[in-house]
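Student: This structure is in structure tokens; I'll ask about it shortly.
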Amino acid sequence: MDIVIREATPEDAQLLAHLTRACWQDKVAASSSGHHESVERVEQDLQQGGGFVLLVDEEPAGSVRWLPMEADSDTWEMLRMGVLPAFRGTGLSQHLLEAVIHYAQTTGVEELRLGVRVDQPRLLDLYAAYHFELAPELEYSHANPSEPAPNVMRRILKRM
């Protein structure tokens, strides 16, 4: 299995929107806004922040994005991380997570945050293994207002 993670470009917006919707299908509650991901939203996210595309044997298998916080550009929120069903169970999401952590460290970002849906508590342990800690005092700025507030986790980064 040849695994490549590459930085997403604006030309990848349609691919990332498709990957998000496909990764959310039958995995995330139907009320999640990820099921309605638009190319325009992805283009905006990539313009303001960035993203990665996960390729397995040259086939798109997943993606992740990040956005700097409005009040603090040295803090990024990760969003829309997902792996297609055909590629699950092999730890590929960890490659995406590690890629964002490494990229953030090399660009001088001081903190990463992410939101974990309350209906996906098993993900808390995955992120904790990567030194993310629960931060109940924080709000996830990309939370869906029609959903229960997600658990916010943060990781303070050390400069490389």
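Student: Provide a single number: the residues in the range 12-37 that are surrounded by 14 or more Cβ atoms within 10 Å (Cβ to Cβ), at pLDDT 65 or above and of a type outside the set (A, V, I, L, M, F, W, C).
Tutor: The number of residues fulfilling the criteria is 7.
Student: Sticking with this one: Before we move on, is GLY51 at pLDDT 95 or above, buried (at least 21 other Cβ atoms within 10 Å of the Cβ) and in contact with a Ser or Thr (Cβ under 7 Å, 6 or more places away or on another chain)? Even if it seems obvious, please write down each step before you answer.
Tutor: Numbers: at pLDDT 95 or above: yes; buried (at least 21 other Cβ atoms within 10 Å of the Cβ): yes; in contact with a Ser or Thr (Cβ under 7 Å, 6 or more places away or on another chain): yes.
Yes: the conditions hold for GLY51.
Student: What strands (runs of 3 or more DSSP E), lying completely within the range 47-160, carry at least 2 residues that are within 25 Å of LEU19 (Cα to Cα) and small (Gly, Ala, Ser)?
Tutor: In the range 47-160, 50-56, 59-68 are the strands (runs of 3 or more DSSP E) which contain 2 or more residues that are within 25 Å of LEU19 (Cα to Cα) and small (Gly, Ala, Ser).
Student: Then there's this: If I ask for residues that are under 16 Å from LEU79 (Cα atoms) and basic (Lys, Arg), which ones from the range 106-160 would you list?
Tutor: Answer for the range 106-160, where residues must be under 16 Å from LEU79 (Cα atoms) and basic (Lys, Arg): ARG113, ARG117, ARG154, ARG155.
The rows are residues; the columns are (1) over 16 Å from the mean Cα position of the chain (by Cα); (2) closer than 24 Å to ASP125 by Cα.
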residue	(1), (2)
GLU11	yes, no
GLU40	yes, no
GLN47	no, no
VAL64	no, yes
TYR103	no, yes
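Student: Go through LEU123, LEU97, LEU84 for me and flag whichever is closer than 15 Å to GLY50 by Cβ and among the aliphatic types (A, V, I, L, M).
Tutor: LEU97
The values are calculated or read from the model by the stated rules, or taken from the named source; none is laboratory data. These figures come from a predicted structure and were not determined experimentally. Neighbour counts are summed over all protein chains in view; Cβ atoms, including those assigned to glycine, are modelled from backbone coordinates with ideal geometry.
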